[in-house]
1. Which numbered condition trips up residue 42, out of (1) over 16 Å from the mean Cα position of the chain (by Cα); (2) at pLDDT below 95; (3) surrounded by 12 or more Cβ atoms within 10 Å (Cβ to Cβ)?
2. Looking at (1) among the polar types (S, T, N, Q); (2) at pLDDT below 95; (3) farther than 27 Å from residue 58 by Cα, find the lone condition where residue 92 falls short.
3. Would you point out which residue out of 82, 143 is of a type outside the set (A, V, I, L, M, F, W, C), within 25 Å of residue 55 (Cβ to Cβ), in contact with a strand residue (DSSP E or B) (Cβ under 6 Å, 6 or more places away or on another chain) and not in a loop (DSSP other than H, G, I, E, B)?
4. Test of understanding: among 55, 34, which residue is closer than 15 Å to residue 98 by Cβ, modelled with pLDDT of 90 or more and out of contact with any helix residue (DSSP H, G or I) (no Cβ under 9 Å at 6 or more places or on another chain)?
5. Condition test on residue 138, is it assigned to a loop (DSSP other than H, G, I, E, B), over 22 Å from the mean Cα position of the chain (by Cα), outside the structural domain of residue 48 (by TED's automatic domain parsing) and crowded, with 18+ Cβ neighbours inside 10 Å?
6. Looking at the stretch 33-49 only, could you name the residues that are of a type in the set (Phe, Trp, Tyr) and either in a loop (DSSP other than H, G, I, E, B) or not assigned by TED's automatic domain parsing to the domain that holds residue 64 (or both)?
7. Just checking, which of 102, 156, 87, 113 is surrounded by 13 or more Cβ atoms within 10 Å (Cβ to Cβ) and over 30 Å from residue 66 (Cα atoms)?
8. Every residue in the stretch 32-48 that is polar (S, T, N, Q) and under 20 Å from residue 65 (Cα atoms), please.
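The values are calculated or read from the model by the stated rules, or taken from the named source; none is laboratory data. If you're wondering where the values come from, they're calculated on a predicted model, not measured in any experiment. All Cβ positions, glycine included, derive from the backbone under ideal geometry; neighbour counts span all protein chains shown.
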Amino acid sequence: MEIILERRLIISIGEVIMNCQCGNAEGNLQRYLQPLKDIFENFEKEEKDLIPILQRAQEVYGYLPKEVLIEVGKQLGLSFVEVYGVVTFYSQFHLKPRGENVIKVCMGTACHVRGGDRILEKIKSQLKIKDGETTEDLMFTLETVACIGACGLAPVIMINDDTHGRLGPEDIPSILEGYKKEKASIGSFEQVN
């Protein structure tokens, strides 16, 4: 949970820095990039380190903002286009902030036949987002996938590492509410300590 809270803070700080009118944009940018500079201390700064550096940066920032890609390129002697090409080639990398909870809706044959499209539509209407989007509060990201590999439980969704199967649209509100309550209870626990 600490990484998620830190990531939200970094995303918020990044938005402020990128929209700053204070006249200290360069100093703010350097503070924003400090976690990335800390990551570089663990690497030799060679081209072979590109993917591991991007993976660590995404863990910290929650996604890979343009400023991070530019700095990675500078540190490794690569152009922005070369770094961007790697990021867009691999599906593990994301150029937009993602939610704490990533919902993957299976659209494989078994799930499709058993109503996976209705599950997807219910999630979209509940969260008011489309496939590939993230809620404004960064709580949920919605994605469709070709197959989760749990055909016997069709239709199936995964939220983070949790599999939810044999679903009907009526099951979706309580499932989503469970993740919202989990966050609320974690938040209240942190405030108590």
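1. Unmet condition: (3).
2. Against the list (1) among the polar types (S, T, N, Q); (2) at pLDDT below 95; (3) farther than 27 Å from residue 58 by Cα, residue 92 comes up short only on (3).
3. From the options 82, 143, the qualifying one is 143.
4. From the options 55, 34, the qualifying one is 55.
5. So residue 138 fails the test.
6. 43, the sole residue that qualifies.
7. Result: 156 is the single residue among 102, 156, 87, 113 that is surrounded by 13 or more Cβ atoms within 10 Å (Cβ to Cβ) and over 30 Å from residue 66 (Cα atoms).
8. Of everything in the stretch 32-48, just one residue is polar (S, T, N, Q) and under 20 Å from residue 65 (Cα atoms), namely 34.
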